């Protein structure tokens, strides 16, 4: 007689045996899948780490190249970044390829490295190889001689008439977003390192650039380079506003300062008040060393075209390199004329005021900087950039280094 219970027990035993067999057969597949998952995840993060190292190396190398580093120095920076990111430069292929772009260059770093095989070693005969590529661009037009700060003015930096301006080793920069933020027109000639604008550049004149193949447009704006310089505070009694064939002292000129004939300005800060401003009359001969002239409120500069003016800013102290300094809360026009024998050595700085530079002169060894809301230039002159000997600071522009790939 058939024992149903016995049959049931045998069936259950057989089922358990089948499950055990199936599990034993599937276990390599399960373990293999898990192994593949863990190992490919490891490869993925190894690839990310390699790309991060390439990005860091390219960015740092571009900074080094932009600052003037040679190929050996650039490669040393790359090796340092790779090491800091946990890779060994000795076993990694690195290609540093500077390439010219308008106003600067680029550095490309290519890293190649392999990953270890674990479980996949049963199926793959060679270690997987990963490649990471990073390119960083930089700008080499590092400083400006002429900087227009207005963000919205048409022709913020304007070169017109028959002017001929040579900027030796420095650039023209405009913060204006207009299409003619820098305007070179008529028979004017401008020779410079680069012309750079937040907006556009209009050139119907003679523009020659030594570093940029084309003007740099849509550039980031530049901060006021003298924003950290404090305005002087007036003190003492009001001094005589008229100077004629004499030596004058720094101090407070409450009714302006008018210079005639031969005037020597002693070193120090001249605080000019009143709408009469700082006036240099026709045929005057004005000299002074270590001088800073501050224009307060509605006071502005007016230098006659027949005057000869030789003034030099201090080379140290709070106002090192600053020759003219306009009230930041004031607007208006400042006119700089003078004979070819004139020299204004230092920065002409009017953050929110307009500057009209009509003179055929610059400073000692070309050391003049012009920073204003807008700048209209019609004179013929040469301006230089390396003026640290005269206490002047550089005016940085285009300091951007970007990862592009």
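At-a-glance table
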quantity	calculated
Condition broken by residue 328, with the remaining ones in (1) in a strand (DSSP E or B); (2) surrounded by fewer than 17 Cβ atoms within 10 Å (Cβ to Cβ) satisfied	(1)
Residue within the range 255-277 that is surrounded by 21 or more Cβ atoms within 10 Å (Cβ to Cβ) and farther than 24 Å from residue 331 by Cα present	yes
Any hit, the range 287-299, residues being in contact with a strand residue (DSSP E or B) (Cβ under 6 Å, 6 or more places away or on another chain), over 28 Å from residue 382 (Cβ atoms) and in a strand (DSSP E or B)	no
Filter result (touching a strand residue (DSSP E or B) at 6+ places or on another chain (Cβ under 7 Å), closer than 28 Å to residue 185 by Cβ and surrounded by fewer than 21 Cβ atoms within 10 Å (Cβ to Cβ)) within the range 359-395	360, 380, 381, 382, 384
Options 72, 41; residue that is modelled with pLDDT of 70 or more and exposed (fewer than 10 other Cβ atoms within 10 Å of the Cβ)	72
Residue pairs meeting the criteria (Cβ under 7 Å; at least 6 apart or on separate chains; first closer than 22 Å to residue 206 by Cβ, in the range 369-382; second modelled with pLDDT of 95 or more and not in a strand (DSSP E or B))	374/150; 374/153; 374/156
Residue tally, condition assigned to a helix (DSSP H, G or I) and either within 23 Å of the chain's Cα centre (by Cα) or modelled with pLDDT of 80 or more (or both), over the range 75-109	10
Yes/no for residue 181 being exposed (fewer than 13 other Cβ atoms within 10 Å of the Cβ) and at pLDDT 95 or above	no
Residue in the range 200-212 that is touching a residue at least 60 places away in the same chain (Cβ under 8 Å) and under 19 Å from residue 139 (Cα atoms) present	yes
Criterion: outside any strand (DSSP E or B) and at positive phi - qualifying residue of 317, 346, 359	317
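The values are calculated or read from the model by the stated rules, or taken from the named source; none is laboratory data. Only a predicted model underlies this, so the values are computations on that prediction, with no experimental measurement involved. Quick reminder, even Gly has a Cβ in these numbers, built from the backbone with ideal geometry, and neighbours come from all protein chains shown.
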